[in-house]
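One structure is given here, and the rest of the page talks about it.
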Amino acid sequence: MNSNRYEQSRRYSHIGMSSHSNSTYALQYLEAFRVLYDSKEPVDTIALPMLYCLRHYLELALKVNIKYFSEYSGSRSMLKNLNGTHKISDLANAFIEHWTEVKRKSQLKVDDSVYLEDFNSLIEELKGLDDAAFSFRFSHDRKENKNFKLLDKVDIERLKRLLKNASILLNVSITVFEDESGLMHDLSKEQVLAAQIP
């Protein structure tokens with residue numbers, strides 16, 4: 001890439017093209033977390049936005065999966081309040097319910113135990129830190145209580161390790177379902193391409 005093109009790519013965002021779905025938003029928050037994590041900045045100068053990116057990625061990815069799998073699971077869990085909730089624990093429980101039902105109904109034979117274990121551990125950690133999407137954005141809650149005590153500490157490296165398998169689960173579960181259930185097998189090339197365009 002020549003320097004002028006590189007400058008243009010760093011200066012201008014084609015925000016309309018890169019914001020067409022919540023899946024795209026989720027993946028951008030995941031990438032932002034990775035970029036911040038890999039930066040050379042002292043972690044305490046970027047920890048809150050980094051953790052917010054991780055948490056918001058999970059919230060969006062969970063909502064995308066719940067909405068998609070609700071068509072196949074038969075469960076109505078969380079659908080009524082999907083856009084109205086930010087509680088990571090509630091969203092995680094709903095996702096697990098939908099995913100479990102979809103696997104059972106379509107007789108998916110996938111070993112996702114490692115992914116689910118890390119996913120559940122990550123959700124438990126975040127539930128204790130910021131279940132309601134507040135603590136990484138504001139220093140105090142609505143009652144003016146401080147969100148974190150002075151000596152609170154977070155093992156961000158552990159969260160990143162758990163995120164690796166959790167993100168695999170969330171990012172590919174739809175593809176695995178479509179492939180393993182044969183949903184995509186009978187579609188023409190044109191139908192597959194049309195399905196990918198939101």
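The values are calculated or read from the model by the stated rules, or taken from the named source; none is laboratory data. Please read these numbers as outputs of a predicted model, since none were measured by experiment. With ideal geometry, Cβ positions are generated from the backbone for all residues, glycine too; neighbour counts draw on all protein chains shown. Quick note on the areas: whole protein, heavy atoms, side chains included, nothing else; ligands and nucleic acids left out. Shrake-Rupley method; radii C 1.70, N 1.55, O 1.52, S 1.80 Å.
Points to keep in mind about this one:
- Some residue of region 96-107 being part of a loop (DSSP other than H, G, I, E, B) and either among the hydrophobic types (A, V, I, L, M, F, W, C) or at pLDDT below 95 (or both): yes
- Some residue of region 6-24 being open to solvent by less than 30 Å² (accessible area, probe 1.4 Å), within 17 Å of Ala92 (Cα to Cα) and within 12 Å of the chain's Cα centre (by Cα): no
- Residue count for region 25-52, restricted to those that are farther than 20 Å from Ile123 by Cα and either surrounded by 16 or more Cβ atoms within 10 Å (Cβ to Cβ) or β-branched (Val, Ile, Thr) (or both): 5.
- First in region 1-14 and more than 18 Å from Gln28 (Cβ to Cβ), second anywhere and small (Gly, Ala, Ser) and open to solvent by less than 90 Å² (accessible area, probe 1.4 Å), Cβ under 8 Å, 6 or more apart: Met1/Ser9
- Ser70 falls short of the stated requirement of being surrounded by fewer than 21 Cβ atoms within 10 Å (Cβ to Cβ), in a helix (DSSP H, G or I), among the hydroxyl-bearing types (Ser, Thr, Tyr) and in contact (Cβ under 8 Å) with a residue 40 or more places away in the chain.
- Arg55 open to solvent by less than 90 Å² (accessible area, probe 1.4 Å), under 25 Å from Ile156 (Cβ atoms) and charged (D, E, K, R): yes
- Residue list for region 127-169, restricted to those being part of a helix (DSSP H, G or I) and among the charged types (D, E, K, R): Lys127, Asp130, Glu157, Arg158, Lys160, Arg161, Lys164
- Within region 16-28, at least one residue is in a helix (DSSP H, G or I), in contact with a helix residue (DSSP H, G or I) (Cβ under 8 Å, 6 or more places away or on another chain) and among the hydrophobic types (A, V, I, L, M, F, W, C).
- Every pair of residues 6+ apart whose Cβ atoms lie under 7 Å, when the first sits in region 73-94 and is in contact (Cβ under 8 Å) with a residue 40 or more places away in the chain while the second is open to solvent by less than 50 Å² (accessible area, probe 1.4 Å) and not in a loop (DSSP other than H, G, I, E, B): His86/Glu59; Ile88/Arg55; Ile88/Leu58; Ile88/Glu59; Ile88/Ile123; Ile88/Leu126; Ser89/Ile123
- Listed by first and then second residue, the pairs linking a residue in region 104-132 that is open to solvent by 80 Å² or more (accessible area, probe 1.4 Å) to a residue that is at pLDDT below 95 and not in a helix (DSSP H, G or I), with Cβ atoms under 6 Å apart and 6 or more places separating them unless they lie on different chains, form an empty list.
- The residues on offer are Thr85, Thr100, and the sole one that is of a type outside the set (A, V, I, L, M, F, W, C), more than 22 Å from Ile46 (Cα to Cα) and open to solvent by less than 40 Å² (accessible area, probe 1.4 Å) is Thr85.
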